Every structure is written in structure tokens, then in C-alpha cells.
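The structure that follows is given in the form of C-alpha cells.
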Amino acid sequence: MTVDLFIPCLTDQLFPRSGMNMVRVLERLGISVRYNPAQTCCGQPAFNAGYRDDARHLARRFIDLFSDAEYVVAPSGSCVTMVKVFYPRLFDQGDGYRERATALAERVHEFTSFLVDVVGVDDVGAAFRGKVALHHSCHGLRELGIQEQPRVLLEHVRGLTLVDLELSDTCCGFGGTFAVKFPELSSAMAERKAQAIESSGADVVTAIDSSCLMQMEGVLKKRGSRVRAHHIADILASEG
């Protein structure tokens, strides 16, 4: 099995460790990994802001770069949603890129979904000490149906205690351009989420998207909280 890495912008620019930890987990399972440095943004920010032509341009580039991939895996439910759900909708019927986008969508997977649903593993040999709360990212949960996959993987991490998180499926308030356009509302949503995380007794909050974790970590730090934010790849790569 060979996997092509799809590394989102936030991972590349701000959280490269999470991308590298995803690779460590995949290679630990005996999966070959390839990375094409020519890849760029998938176009989601442009798409969300209404710039469909710009998003189409980036989508064509993405499709061309990954058209021969056996599997494409990314540490982000948000960016995977852009490719799996919205790429085919960017192109008209009869446009060859629409068919290619639809075919590619079947081979693009979020990291935890790939491990559980495609590879068929629930134990990746990880060890991590502490109480962990799981936040369900909006795109992953609502567009991709990712809910049990990260939980199953965390339940098999040695030394980890998974704690219940109230409002686990409630938006953290990031939402890409939403946080920029509606900062007051975004901050209020993040504050509510931070309160729930602290009340859970967790040492760490985790999720499948760095964007959500960045939002929650910012508010937790502002509150002087002891709770840390780790991408799930960081936890699954840990060996104790």
C-alpha cells in the first residue's frame, strides 16, 4: 500500500510536526509514503470566500498532481471535505475535470478514517499518559461522518484516559473565514468550548484538524488554562 501525503496549508506553515507524526504512524504500520512538494493550497479559503474561479484553478492543479495516487491522506477533515465533497461541484457536466474529481474523491481520506476504515486498524502501537478530551471537528463530523474513528484509535492508546467532553460536537468558532468576518461571535463560541474542555478534567484536547485546535488553544492560553492542545497524529505517534 502506498499513500500520497496531502499536507494542508496550516499543517505546512504552522504545525509541521503533526504532518511528520502522521508519517511516523503510517510508516510504523508498514505503509509506503510519498510527498509531492509541488502541491499547494486545495482552494478551500477561496471557495469559502466565494472566489470559485480561483478555487477551480487550484482544484485542477490538485487533481493533476494526485491523479495517479493509490490513496491520498491528510491530517485534516476540513481540507479533505473540500476535495471529496466540493471539488466535483466546481465543474460543469461534461467537463473532464468533474469526472476526474469524482474519481479522485474516492481515494482521498482523512487520517483517522483512513486508518480505521481503509487499513482496518484500531491499535497503532501508541502510548500516551494523560486524560484526553476529543473535539469533533465540523467538516469531519458533518460532511465525512467521522466520529467513532478517532475515538476508537484513542481508546487503544496505552496510558491514555479518554474523558467525556460536553459539547464535543459543537463548533469551536473557527470556521475559516468565519472567525475573521465574525470575530466577536467566534470568540464567544471558543470561550464556551474552552469552559467545557476545562470542566472535563482533561490534560489535553485533541481533534483531527489543526485549525480547530489552534482556535481552542488560543482561548485556553488566554484563560491561563493548564490544558494543552494536540493533533491526534501527535498522540498516535507517541510511544510514551
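Only the coordinates and a few stated rules stand behind these numbers; no lab work does. Note that this is a predicted model, so its numbers are computed, not measured. No Cβ is skipped: glycine too gets one built from the backbone with ideal geometry, and neighbour counts run over all protein chains shown.
Run lengths n ≥ 4 of DSSP H only: what is the helix-derived mean residue ellipticity at 222 nm for the chain, with -39500 (n - 2.57) per run over all residues, to the nearest 500?
After summing the helix terms and dividing by the residues of the chain, the value is -12500 deg cm²/dmol.
Let me ask you something else. Quick one: Cα centre-to-centre distance for the range 154-218 and the range 32-94, in angstrom?
That distance is 26 Å.
Where Rh is the Kirkwood radius over the Cα pairs of the chain, the temperature 10 °C and the viscosity 1.306 mPa s, what D in µm²/s does Stokes-Einstein return? Write out the running numbers ahead of the final one.
Details: Rh = 18.2 Å.
Stokes-Einstein gives a translational diffusion coefficient of 87 µm²/s.
Right, next: Counting other C-beta atoms within 10 Å, and keeping those with at most 14, which DSSP coil GluC sites (Glu not before Pro) do you find in the range 132-240? Write out the running numbers ahead of the final one.
Values: sites: GLU143, GLU148, GLU155, GLU166, GLU184, GLU191, GLU198, GLU217, GLU239; in loops: GLU166.
Loop-located and lightly packed - GLU166.
Can you compute the charge dipole magnitude of the range 82-215 about its Cα centre, using +1 on each Lys and Arg Cβ and -1 on each Asp and Glu Cβ, nothing else charged? Give it in debye, rounded to the nearest 20.
Working: 13 positive and 19 negative charges, 46 e Å.
Value, rounded to 20: 220 debye.
If amide H atoms are built 1.01 Å from N in the plane of the peptide, which residues on other chains or at least 5 residues away come under 5 Å of the amide H of ASP122?
none
Still on this structure, please answer the following. Report the number of Lys pairs in the chain whose alpha-carbons are under 20 Å apart, with separation of 8 or more residues or on distinct chains.
Numbers: LYS131/LYS193; LYS131/LYS221; LYS181/LYS193; LYS193/LYS221; LYS193/LYS222.
Value for the chain: 5.
Given charges of +1 on the Cβ of Lys and Arg and -1 on the Cβ of Asp and Glu, with all other atoms neutral, how large is the dipole of the range 2-117 about its Cα centre, in debye to the nearest 20? Intermediate results must be reported in sequence, preceding the final value.
Numbers: 13 positive and 14 negative charges, 41 e Å.
Dipole size: approximately 200 debye.
While we're here: Take the chain, connect every pair of alpha-carbon atoms lying under 10 Å apart with a spring to form a Gaussian network, then pick out the residue of LEU14, LEU90, LEU104 with the largest mean-square fluctuation.
Greatest mean-square fluctuation among the candidates belongs to LEU14.
Out of all DSSP beta bridges with both ends in the range 1-128, state the antiparallel percent to the nearest 5.
On the way: 0 of 9 bridges.
Looking only at bridges with both residues in the range 1-128, the antiparallel portion is about 0 percent.
Could you give the angle, 0 to 90 degrees to the nearest 10, between helix 96-105's Cα long axis and the longest principal axis of the Cα atoms of the chain?
Between helix and principal axis, roughly 30 degrees.
Same structure again: What are the extents of the Cα atoms of the range 2-117 along their three principal axes, listed from largest to smallest and rounded to whole Å?
Answer, in whole Å and largest first: 42, 27, 24 Å.
On to the next question. Can you pull a Stokes-Einstein diffusion coefficient for the range 122-237 at 10 °C (1.306 mPa s), Rh from Kirkwood over Cα pairs, as a whole number of µm²/s? Provide the component values of the computation, followed by the final result.
Values: Rh = 14.1 Å.
Rounded, D is 112 µm²/s.
Count the net charge of all other residues whose Cβ sits under 15 Å from the Cβ of ALA194, scoring Lys and Arg as +1 and Asp and Glu as -1. Intermediate results must be reported in sequence, preceding the final value.
On the way: positive: ARG192, LYS193, LYS221, LYS222, ARG223, ARG226, ARG228; negative: GLU166, GLU191, GLU198, ASP203, GLU217.
With Lys, Arg at +1 and Asp, Glu at -1, the neighbours total +2.
Between ASP95 and GLN13, what FRET efficiency follows from the Cβ-Cβ distance if R0 is 30 Å, with the result rounded to 0.05?
On the way: r = 31 Å, r/R0 = 1.04.
Efficiency for this residue pair is about 0.45.
For the range 161-167, in order, what is each residue's ³J(HN,Hα) by Karplus, 6.51 cos²θ - 1.76 cosθ + 1.60 with θ = phi - 60°, in whole Hz (x at glycine and Pro)?
10, 8, 9, 6, 10, 5, 6
For the chain, give the magnitude of the charge dipole about the Cα centre (Cβ charges: +1 Lys/Arg, -1 Asp/Glu; no others), in debye to the nearest 20.
On the way: 26 positive and 30 negative charges, 122 e Å.
The dipole magnitude comes to about 580 debye.
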